Amino acid sequence: MPHSVPVPATGFQALILCGPGVSLNTFTSNPEEFPKCLTPIANRPMVYYAIDFCRRSGITDVTLITPPSSLAPLQAALKQNPHLTSLPSPSASVVAPKDLEMTMGTAEVLRLPEVQDCIKSDFLLLPCDLICDIPGESILEAWMVTQGALGGNGPTREGRNASGQISLGPGGEQGGRRGGLAVYYPTQGREESVKGEATDFVAVAALDQDEAPVVLHQVDGPAALRFGLSKLAMSMPMDTIKEKMEEDKAFLVRHSLVEKHAQVKMLTSYRDAHLYVFPYWVKQLLKNQEKFESVSEDLIGYWAKAGWQKGLGSKLGMGKLFQQDGRKSHDEELLEEEIDLRNMSTTKVGSNDESSVAESSPLGETDASETDPEALTTSPEMPQILAYVQRESAPFVRRVDSTAVLLSTSLLLAKLESIEEVGRQAASAFAHAQKVAHPEGVAQRCTITKSDCLLAENVIVEPTCVIKESVIGPNCHISKGARLTRCVVMEGAVVESRAQLTGCVIGRRAKIGRESVLKDCEVQDANVVPEETDAKNEKFMIFEGLDDEGDDDMDVEDEF
């Protein structure tokens, strides 16, 4: 696609969370040496794509949040890795809070003093494992059109206007009572879809006519994104939904949801991209709500419900943030009892939806008015959290937080035409300069399908090798007669003669013995697979870490 120079997004900053990556523990077992954010995807460090997205969005103030143990390798990569050094100046800054622990939730990380200090404006929050081809400026534009104008005459930094005075919104809050925006993408029906990928339960309602952005017609450019905006009513992992259904033996929601939104679309095959546009005041809300552990489940989940669950906004502390001149009202009602929608013919779940339940809350299940008298008297107009639910045919968006997704994403990006083939203007933002970076290292008598392969610098391929639909990292050696199909081979790995690999991911400096036959396997960094090994669906690891199944689920949704 053609690319233009982005207009700087004045007033915005970006925070990229660079966590340890338990679900990729085959390749991230030693975060002190090689953190998750440096895991290669199509021969580029994972964090490259997140930083590049921010740059293409026009955001120049980019901060990486990482555990102290991963600070040194991340800083070294920013200075030495050719892909990261090729990004436009200024380079991203790194913050490593001294109290940040590997097991912290994302909301807990944002409460740390060092992170609070670096939030000085409206901000974009995203994980290091996100690859997003949606034009970032479109996301920011959609947020500004629907939310940004509510707080004053322009963007604010640290809640202050151009004259240095505190900028107050209509409710008296710093920076204006602006809402938020979350992005969701489909996990099924696309080339890069993988079996068993984690999904979220998402419930959305259409914007009212006076709330919908004015767009003359639906187009493929930035304006098209605004057609996908909805009010976010519920958001939580599908695993949580399934657990609650087993406990309750029913599909439960609160009556107030049906009362507020006559029509609600419920989706079960979409996933939270963990890409959010937040107004400045969210910083204070996170600081105040010490029970919040996860941004996606707690902050986004309860903020969405505050739009229809009466009294919840005040219980979350929004009433204090947005209280206007001490004026009170008495229109708060008691929270409705949960009802079973399964027997209501007008609100039955569609054939493509699995479930929705009444959710548990770290704030407690009691009526807000019973525990907080202010909930009865304070009725601020709650800022909305909106959702952009991507269509299946829309640009590529994926969170690469499992080996299966890493493999499918790398192979998809390998199919993109190189800049050498189509020119810089027509090439994708993710395209490489060349499909084979070092042609001199490839023997003449071998087969490489350049249309779906990527070979990095200093790769040696000996005669009679066959490489199809694969990504080979720098300094790798593929010996005589080896066959690779749908594989990712990371930096410095060696595949010995006549080995056959299909659907495998090989870690850095690993070695595959001659005449081995591996299918759908993972090989840890620096591991040596013995000669003539025959294996399928196995992990070759020197040190076994935590239980894969349980901890993978935790990492997918909650882990920093």
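The values are calculated or read from the model by the stated rules, or taken from the named source; none is laboratory data. From a predicted model like this one, the values you see are computed outputs, not experimental measurements. When we count neighbours, we look across all protein chains shown, and the Cβ atoms used for this are built from the backbone with ideal geometry, even at glycine.
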Open item on the list: So for region 206-226 (the condition being at pLDDT 85 or above, assigned to a strand (DSSP E or B) and either of a type in the set (V, I, T) or in contact with a strand residue (DSSP E or B) (Cβ under 7 Å, 6 or more places away or on another chain) (or both)), does at least one residue qualify?
Closed with: no
Open item on the list: Considering only region 378-401, I want to know if a residue exists there that is in a helix (DSSP H, G or I) and either modelled with pLDDT of 95 or more or more than 30 Å from G228 (Cβ to Cβ) (or both).
Closed with: no
- [ ] Report, by residue number, each residue of region 42-73 that is assigned to a loop (DSSP other than H, G, I, E, B) and among the acidic types (D, E).
- [x] D61
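Residues are listed down the side, and each one gets a yes or a no for (1) of a type in the set (S, T, N, Q); (2) not assigned by TED's automatic domain parsing to the domain that holds A493:
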{"residue": "I419", "(1), (2)": "no, yes"}
{"residue": "P439", "(1), (2)": "no, no"}
{"residue": "A456", "(1), (2)": "no, no"}
{"residue": "T464", "(1), (2)": "yes, no"}
{"residue": "E469", "(1), (2)": "no, no"}
{"residue": "G473", "(1), (2)": "no, no"}
{"residue": "S479", "(1), (2)": "yes, no"}
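From the list A526, A535, pick out the single residue that is in a strand (DSSP E or B) and without any contact (Cβ under 8 Å) to a residue 24 or more places away in the chain.
Numbers: A526 fails: in a strand (DSSP E or B).
Every option except A535 fails the conditions.
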Open item on the list: Given (1) surrounded by fewer than 20 Cβ atoms within 10 Å (Cβ to Cβ); (2) of a type in the set (V, I, T); (3) in the same structural domain as V528 (by TED's automatic domain parsing), identify the lone condition not met by I506.
Closed with: (1)
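With T28, T63 as the choices, which residue is in contact with a strand residue (DSSP E or B) (Cβ under 7 Å, 6 or more places away or on another chain) and either on the phi > 0 side of the Ramachandran plot or among the hydroxyl-bearing types (S, T, Y) (or both)? Spell out how you get there, then give the answer.
Working: T28 fails: in contact with a strand residue (DSSP E or B) (Cβ under 7 Å, 6 or more places away or on another chain).
Checking each option against the conditions leaves just T63.
Take the conditions modelled with pLDDT under 95, buried (at least 23 other Cβ atoms within 10 Å of the Cβ) and not acidic (D, E) and apply them to G58. Does it pass?
On the way: modelled with pLDDT under 95: yes; buried (at least 23 other Cβ atoms within 10 Å of the Cβ): no; not acidic (D, E): yes.
Taking the combined requirement at face value, the residue does not satisfy it.
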Task: Those residues of region 428-445 which are surrounded by fewer than 17 Cβ atoms within 10 Å (Cβ to Cβ) and under 16 Å from P463 (Cα atoms), in sequence order - done: H438, P439, E440, A443, Q444, R445
Open item on the list: Could you check region 111-133 and list, in sequence order, the residues that are part of a helix (DSSP H, G or I), touching a residue at least 24 places away in the same chain (Cβ under 8 Å) and more than 15 Å from V62 (Cα to Cα)?
Closed with: R111
